[in-house]
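Structure first, commentary second.
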Amino acid sequence: MKLKIQETMDKVIRKNPGEPEFHQAVREVVESLTPFIEKNPKYKEAKIIERMVEPERAVIFRVPWLDDKGEIRINRGYRIQMNSAIGPYKGGIRFHPSVNLSILKFLAFEQVLKNSLTTLPMGGAKGGSDFDPKGKTDNEVMKFCQGFMSELFRHIGPDTDVPAGDIGVGGREIGYMFGQYKKLKNEFTGVLTGKGLEWGGSLIRPEATGYGCVYFVEEMMKTRGDSLKGKVCAVSGSGNVAQYTVEKLLELGAKVVTMSDSDGFIYDKGGIDHKELKCVLDLKNNRRGRIKELTREFKCEYFEKKRPWQVKCDAVFPSATQNEISGEDAKALVKSGCIAIGEGANMPTTPEGISVFQEARILYAPGKAANAGGVATSGLEMSQNSMRLSWTREEVDNRLHNIMIAIHENCVRYGKEGKYIDYVKGANIAGFTKVADAMIAQGLV
Ligand code: NDP
C-alpha cells in the first residue's frame, strides 16, 4: 500500500513542481483513500484520483490598479476551477501576500471534497490574489476589487462558478466585486455569496463557518458522552471564522481564553466575555486594528509573535491559516490535556501534528468537515437567490445545524475503527464517493 501511495505522490509532485501545500493536501487524501480504492477497483479503473488532482481549468491574470498617490500597481489574480462533477464551481477568494498557485490548488482540491460533504450540489474552486488589503484605504481596496473583477467576470456566473470570501475578503470586498460584476454584465444575480443582507445576502452566512465548526465539535463530544459546556478553549485568529467560533462557544457555556492575529495572541485567563468579543469585532471589522490593542481595555496578556498552543486547554479551534499547528505544538496540546480539535481554518495542522492527534486518539475534526458550514450556508444563499426570497435567521441556522450533524454522521459512517473515529478518513471517503460516482456517470469530460 505504501508503495502505491508513493507512486501516486511521485507523479503528482513531478507534474506540479514547487507546490508544497498542494502536495501536502493531496497526500493526506491519497493516504486515506488508497485502501478504499483498492477495495473498489471501479475508481482505480476510471483513474479518478489522477483526474481529481488535475484542475478542470486554472486562470491566471494581471490586475493593474491605481493607488491613492496615482501610482500604478500590479497584482496577480487566480481562479482554480477544480471540479464541477456535482454542481457549479464554488469556493472562496483569498487576498493575502502569500497567495500563489500552490496554496490555491490545495484550497481548491480540499474544497471539492468539502462541498461534496455538505450534501448540497456544489463543485469546488478557489481563487484570489497576492494583493494585501492591510494598510490600504477603502478607495484602494475598491479600485483593486474592481480591477480583479474586470477579468474574473468572464469566468464566473450563477450557474458556472460562484465565489465567496476567505482570508482578506469579507463583506466590504464582496460588495465592491459584486458591484463591478453587475456593471459589466448588466445582471443582478447570485454570482457571489457573502453578500450584504439588503442585496441578496443570507442571514447567518457571516456566522456560519464558526458556528458550524462548534456544532461539529459538539457532535464529536457527544460520541464520548461529553459536551463543550465548561470547557476551556483556545482559538487562533480574530477574523470572520474566529469571531463567530468564539460567539457560539460562549453561547454553549465554554470558556475561551485566546484569540490571535498574525502578530501574536492575547490570553485572557478569566475568559473572553461578550463585551470583549464585541470589541474584537469592532477592532477587526471597522477599525482594522491589531489584536494587542485589546490589552488597553481588558485584563489580558499579549504574546508577541507567538501562537496560542502552549496554553492549557480542553479544546482548540485553529481559525487563522494553514500549517499553524506543528508537530511540537500538537504534542504540547496533548500533554496539557487537550481532548478536541475543530479546524475552522483550512489545513491548519501539519501532517506531523495530525499524526500526534491521531496517535493520542483524541477527537480531531479536519477542516474539510469542521469548517464546511461556511460553504454550506453559501449554498443556502444560492438557493434563496434562485427562489428570490429570504429565510429567517432560525430557518438558516437550523439548516446549518442539521447539515453539520449530517456531515458528522457521514464521517462516523466511513471513519469508524472500533471505538475510535478517524474523522480524516471518514471525511475523505464520504466526500470522495459522491464526486467519483458522478465523474464516472458523466464519462470522460
Ligand atoms: P479573515 O481574513 O477574516 O481572518 C484571518 C485571521 O487569521 C486574521 O486574524 C489574520 O490575522 C489571521 N492570519 C491570516 N494569515 C495568518 C498567518 N499567516 N499567520 C497568522 N495569522 C494569520 O479570514 P477568515 O476568518 O475568513 O479565514 C480564516 C481561515 O478559515 C482560513 O484558513 C480560511 O481558508 C478558513 N475558512 C474560511 C471560511 C469563511 O467562510 N470565511 C470558510 C472555511 C474556511 P491578520 O489580521 O494579522 O492578518
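No value in this document is a laboratory result; all are computed from the given coordinates. The shown structure was predicted, so the numbers you read here are calculated from the model rather than taken from an experiment. Methodologically, a virtual Cβ is constructed for each residue, glycine included, from the backbone with ideal geometry; neighbour enumeration extends over all protein chains shown.
Using +1 at the C-beta of Lys and Arg and -1 at the C-beta of Asp and Glu, which of Pro20, Met9, Phe36 has the Cα lying farthest in the positive direction of the dipole of the stretch 2-52?
Value: Phe36.
Which residues in the stretch 127-156 place their backbone N less than 19 Å from a point set 7 Å from the Cα of Arg73 along the Cα-to-Cβ direction?
Counting only backbone N, you get 128-152.
Kindly provide the helix-only [θ] at 222 nm of the chain, computed as the sum of -39,500 (n - 2.57) over DSSP H runs of four or more divided by all residues, to the nearest 500 deg cm²/dmol?
Theoretical 222 nm ellipticity from helices: -15000 deg cm²/dmol.
Shape of the stretch 271-398 from its Cα gyration tensor (a ≥ b ≥ c, root eigenvalues): rounded if a/c is under 1.5, otherwise prolate when a/b > b/c, or oblate?
Because a/c hits 1.5 or more and a/b fails to exceed b/c, the stretch 271-398 counts as oblate.
Need one word for the chain: rounded, prolate or oblate. Basis is the Cα gyration tensor (sqrt eigenvalues a ≥ b ≥ c); a/c below 1.5 gives rounded, then a/b vs b/c decides.
Note, shape of the chain comes out rounded.
Quick one: which of 9-21, 397-409 comes out on top by average Cβ neighbours within 10 Å, and what's the full order, highest first?
397-409, 9-21
How high is the relative contact order of the stretch 45-172? Use alpha-carbon pairs under 8 Å, at least six apart in sequence, and give a whole percent.
30 percent
Quick one: 3J(HN,Hα) in Hz for the stretch 331-343, Karplus 6.51/-1.76/1.60 with θ = phi - 60°, rounded, Gly and Pro as x.
4, 4, 5, 4, 4, 7, x, 5, 10, 8, 10, x, 7
Identify which of Asp261, Asp138, Asp422 has the largest mean-square fluctuation in a Gaussian network model of the chain, with springs joining Cα atoms closer than 10 Å.
So, out of Asp261, Asp138, Asp422, the one fluctuating most is Asp138.
Applying the Karplus parametrisation 6.51 cos²θ - 1.76 cosθ + 1.60 with θ = phi - 60° to the phi angles of the stretch 239-250, what ³J(HN,Hα) value in whole Hz is obtained for each residue in order, glycine and proline being reported as x?
x, 3, 5, 4, 4, 7, 5, 4, 4, 5, 4, 4
Could you list the trypsin sites (Lys or Arg not before Pro) in the stretch 360-389 that lie in coil according to DSSP, counting only those with at most 11 other Cβ atoms within 10 Å of their Cβ?
Within the stretch 360-389, the qualifying trypsin sites (Lys or Arg not before Pro) (loop, at most 11 other Cβ atoms within 10 Å) are Arg388.
Amide H neighbours of Ala345 under 5 Å, counting only residues 5+ apart in sequence or on other chains, H built in-plane at 1.01 Å?
Correct list: Ser319, Ala320.
Identify, among Val396, Ile74, Phe144, the residue whose Cα sits farthest towards the positive end of the charge dipole of the chain, taking +1 on the Cβ of Lys and Arg and -1 on the Cβ of Asp and Glu, with the dipole about the Cα centre.
Checked the options; the winner is Ile74.
From Cα pairs below 8 angstrom and at least 6 apart in sequence, can you work out the relative contact order of the chain, rounded to a whole percent?
Across the chain, relative contact order equals 15 percent.
Toward the positive end of the charge dipole of the chain, about the Cα centre and with charges on Cβ (Lys, Arg +1; Asp, Glu -1), which of Ala406, Cys338, Ala441 goes farthest?
The one lying farthest along the dipole's positive direction is Ala441.
What does the extension gain come out to for Met9 and Val59, with contour length at 0.36 nm per residue minus their alpha carbon separation?
Computed gain between Met9 and Val59 is 15.6 nm.
Only four residue types carry charge here, +1 at the Cβ of Lys and Arg and -1 at the Cβ of Asp and Glu. Report the dipole size of the stretch 61-198 about the Cα centre in Debye, rounded to the nearest 20.
Dipole magnitude for the stretch 61-198 comes out near 180 debye.
How big is the charge dipole of the stretch 2-52 about its Cα centre, in debye rounded to the nearest 20, if each Lys and Arg gets +1 on its Cβ and each Asp and Glu gets -1 on its Cβ?
For the stretch 2-52, the charge dipole is close to 240 debye.
Student exercise: in the stretch 1-135, how many lysine pairs 8 or more apart or on different chains have Cα atoms under 19 Å apart?
Lysine pairs meeting the criterion: 22.
Mind checking the full-extension length gain between Lys44 and Ser262? Use 0.36 nm per residue of separation minus the Cα-Cα distance, one decimal, nm.
Difference between extended and current length: 74.3 nm.
Would you kindly state how much longer the chain becomes between Tyr420 and Arg393 on full extension, computed as 0.36 nm times their sequence separation minus their alpha carbon distance, in nm to one decimal?
6.2 nm
How much of the DSSP bridge set in the chain is antiparallel, in percent, rounded to the nearest 5?
Rounded to the nearest five, the antiparallel share is 60 percent.
Taking the Cα centre of the stretch 163-243 as origin, work out the dipole magnitude from +1 charges on Lys and Arg Cβ and -1 charges on Asp and Glu Cβ, in debye rounded to 20.
The calculated dipole for the stretch 163-243 is roughly 80 debye.
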